[in-house]
Amino acid sequence: AEQHFRAGQVARQAHAHEEALEHFRQALQLLDRERQAELHFDLQEETAGIETLQGGFGRARERCRTVLAECPADATLRRVRLLRRVSTTLEREHRHGEALAVLDEAERTLEADLTVAEDFADRERVELVNARLWLHYWQGDVPAMESVISASEQLLERCGSRTQRRRFYTGKAAYLNRLDRFLPGAETLSASREALRSSLSLESLADRADGLFGHAFMLLLSDDPERAVEPLDRCLGFAERLGDRTLLARCR
């Protein structure tokens with residue numbers, strides 16, 4: 001089972017999703033649920049991540065909720081990750097209020113466990129901040145976005161990873177765009193270019209694709225939308241390699 005799990009992880013990292021899913025399915029069939037409970041949970045999480053990319057939001061959400069019901073109550077970090085995954089599936093279905101409620105549950109879960117090491121807790125706090133920021137964006141709740149940004153910038157600078165900071169500042173550019181009422185001014189475009197530079201400095205295809213799409217969207221709204229074609233084309237290429245159906249739909 002462990003060999004199939006590792007092979008599936010390698011395939012997933014290469015964006016060979018169907019191959020990864022097949023390895024995960026075989027691992028789930030072979031493992032001993034009682035002796036390899038953690039591996040079982042890992043396999044379910046990995047599978048849910050691929051299902052979300054492929055647009056199987058309901059399947060991924062049900063899988064995460066099943067694991068939440070099965071995993072120990074003191075497995076705090078796993079429970080928080082699973083709740084974030086559930087929130088993501090709801091966000092992709094535009095169920096933003098429900099998604100925020102799940103993030104609230106994740107935050108309560110994290111803060112209630114004082115035994116979690118502070119560095120691990122801070123990383124999860126940053127993930128929750130980024131997820132919350134984008135949900136407020138979709139809701140058009142500018143005051144809530146401003147509140148999240150002002151309360152979280154120091155946390156991001158202190159302990160956020162490069163990917164987390166990139167996501168945060170892409171969200172901050174989106175906040176400025178909301179303030180501009182979707183007619184991005186010089187400050188917004190400058191923030192968007194900075195977020196793009198940050199995304200392109202990272203190795204992750206997902207980071208690069210997200211940064212390209214965010215900047216292309218700003219250019220589409222500006223006075224020179226033809227400049228959006230090149231970053232959109234590049235983003236589309238990354239999205240096809242990633243197999244991210246949500247991003248593919250947005251690019252097209």
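The set of residues from region 13-28 being modelled with pLDDT of 95 or more and open to solvent by 50 Å² or more (accessible area, probe 1.4 Å) comprises GLU18, GLU19, GLU22, ARG25, GLN26.
For region 56-68, the criterion of being charged (D, E, K, R) and more than 22 Å from LEU135 (Cβ to Cβ) is met by no residue. For region 56-67, the condition holds for at least one residue, the condition being that it is farther than 30 Å from GLU240 by Cβ, surrounded by fewer than 20 Cβ atoms within 10 Å (Cβ to Cβ) and out of contact with any strand residue (DSSP E or B) (no Cβ under 7 Å at 6 or more places or on another chain). Restricting THR246, THR188 to residues that are in contact with an Asp or Glu (Cβ under 8 Å, 6 or more places away or on another chain), β-branched (Val, Ile, Thr) and open to solvent by less than 30 Å² (accessible area, probe 1.4 Å) narrows the list to THR188.
The set of residues in region 234-243 being open to solvent by 30 Å² or more (accessible area, probe 1.4 Å) and of a type in the set (A, V, I, L, M) consists of LEU236 alone.
Looking at SER87, SER147, SER152, SER161 in this structure, which one is among the polar types (S, T, N, Q), open to solvent by less than 30 Å² (accessible area, probe 1.4 Å) and farther than 25 Å from ARG250 by Cα? Exactly one residue qualifies, and that residue is SER152.
Listed here are the residues, each with its yes/no results for (1) closer than 24 Å to GLN139 by Cβ; (2) within 18 Å of the chain's Cα centre (by Cα); (3) open to solvent by 60 Å² or more (accessible area, probe 1.4 Å); (4) modelled with pLDDT of 95 or more.
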{"position": "ASN177", "(1), (2), (3), (4)": "yes, no, no, yes"}
{"position": "GLU194", "(1), (2), (3), (4)": "no, no, yes, no"}
{"position": "SER198", "(1), (2), (3), (4)": "no, yes, no, no"}
{"position": "ARG208", "(1), (2), (3), (4)": "no, yes, yes, yes"}
{"position": "PHE213", "(1), (2), (3), (4)": "yes, yes, no, yes"}
{"position": "ALA216", "(1), (2), (3), (4)": "yes, no, no, yes"}
{"position": "ASP224", "(1), (2), (3), (4)": "no, no, yes, no"}
{"position": "LEU232", "(1), (2), (3), (4)": "no, no, no, yes"}
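Within region 108-124, the residues that satisfy the criterion of being outside any loop (DSSP other than H, G, I, E, B) and either free of Cβ contacts under 8 Å to residues at least 24 places away in the same chain or of a type in the set (A, V, I, L, M) (or both) are ARG108, LEU110, GLU111, ALA112, GLU118, ALA121. Residue pairs whose Cβ atoms lie under 6 Å apart, sitting 6 or more positions apart in sequence or on different chains, and linking a residue in region 67-96 that is under 22 Å from LEU114 (Cα atoms) to a partner that is among the polar types (S, T, N, Q) and at pLDDT 95 or above, are ARG79/THR109; VAL80/THR109.
THR115 fulfils the conditions (1) over 25 Å from LEU205 (Cα atoms); (2) open to solvent by less than 50 Å² (accessible area, probe 1.4 Å); (3) β-branched (Val, Ile, Thr) except for a single criterion, (2). Against the numbered list (1) open to solvent by 30 Å² or more (accessible area, probe 1.4 Å); (2) closer than 19 Å to GLY160 by Cβ, GLU124 comes up short only at (1). Of the candidates PHE41, PHE5, the single residue that is of a type in the set (Phe, Trp, Tyr), in a helix (DSSP H, G or I), open to solvent by 20 Å² or more (accessible area, probe 1.4 Å) and in contact (Cβ under 8 Å) with a residue 24 or more places away in the chain is PHE5.
Within region 215-235, residues that are within 21 Å of ARG178 (Cα to Cα) sit with their Cβ atoms under 6 Å from residues that are open to solvent by 60 Å² or more (accessible area, probe 1.4 Å) and in a helix (DSSP H, G or I), at 6+ positions apart or across chains, in these pairs: LEU219/ARG227; ALA228/LEU220.
Within region 125-136, residues that are over 12 Å from SER87 (Cα atoms) reach partners that are open to solvent by less than 30 Å² (accessible area, probe 1.4 Å) and outside any helix (DSSP H, G or I) with beta carbons closer than 8 Å, at six or more positions or on different chains, in the pairs VAL126/GLY160.
The values are calculated or read from the model by the stated rules, or taken from the named source; none is laboratory data. Note that this is a predicted model, so its numbers are computed, not measured. Positions of Cβ are generated from backbone atoms using ideal geometry, with glycine treated the same way; all protein chains shown enter the neighbour counts. Surface areas here come from the heavy atoms of the whole protein model, side chains and all, with no ligands, DNA or RNA. Shrake-Rupley method; radii C 1.70, N 1.55, O 1.52, S 1.80 Å.
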